[in-house]
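Here the structure is laid out as structure tokens; the discussion comes afterwards.
The values are calculated or read from the model by the stated rules, or taken from the named source; none is laboratory data. Since the model is a prediction, treat every value here as computed from it, not as a measurement. These accessible areas exclude ligands, DNA and RNA; they are computed on the full protein's heavy atoms, side chains included. Shrake-Rupley method; radii C 1.70, N 1.55, O 1.52, S 1.80 Å.
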Amino acid sequence: MDKSERRQALLRAARTVFSEKGYHEAKVDDIVALAKVAKGTFYLYFPDKRSVFGELVRGLFSRLGGAILRVDPSADVEAQVKHNIRAIVAVLLDDPALTSILLSHAAGLDPAFVKELRAFRQEVKLLLERSLADGQRLGVIEPGDTELYATFTIGALKEVLFENALEEQARPRERIVTALYDLLRRGYLRMDAGRAAPPAEAGGERGERAERSRDRAPATGGAAREQPERPSPARRRARAKGD
């Protein structure tokens, strides 16, 4: 086994130990026993338990970044948004221990790691904020505060995942995806993106003519009524003499 394989074996073992025991109860002895290497070998690759956990969390963050695809508003927006939600949920559910610690308040962890963990959570939030800002430019996200949008989304996702972890029988993933999509669709998602451009953006003289035509149209809508011709002053005088 070369150095790269041994490092990956330690990461896999650490992931399993953290999943079974949580961060606080996990020990380096547990990791090396599962990886079937000497304790000294562990310290050739990682200075402590916190560093190996940090690398696992960075890997999780990297997978999250790769899961989010840029939405094309000219294609099926609903399918693309559901794909992104499905991919994010899959990444998080595949690493339940890392996800629960990453999204928790980190009670009982050493202060140095709490600070690092907060930085990871902030990176996840910034990743979502950038995606939402990109969606606003594409017209698939409502205008508004992307930081708050990201906070609301992460909060909803966190509660869903925590509840799912506590259930005796986990909810089907597609049920979670559908529920999250329905929630976002009633919030900041714009599902009419790309279907019809506003008249002012239709381009060229046609859009301007449409604007001018609407300005001339009566407020009640429909075609303007034909107004009766007003008689000239001479005709009005002749009519008065006749009366």
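What would the Debye equation give as log₁₀ I(q)/I(0) for the stretch 119-159 at q = 0.22 Å⁻¹, counting only Cα atoms as equal point scatterers? The computed values of log10 I(q)/I(0) come out as -0.66. Taking the protein heavy atoms of the stretch 111-198 in the context of the full set of protein chains, the accessible area attributed to carbon and sulfur is 54 percent at 1.4 Å.
Counting every pair of alpha carbons in the stretch 1-65, the share spaced more than 14 Å apart comes to 53 percent.
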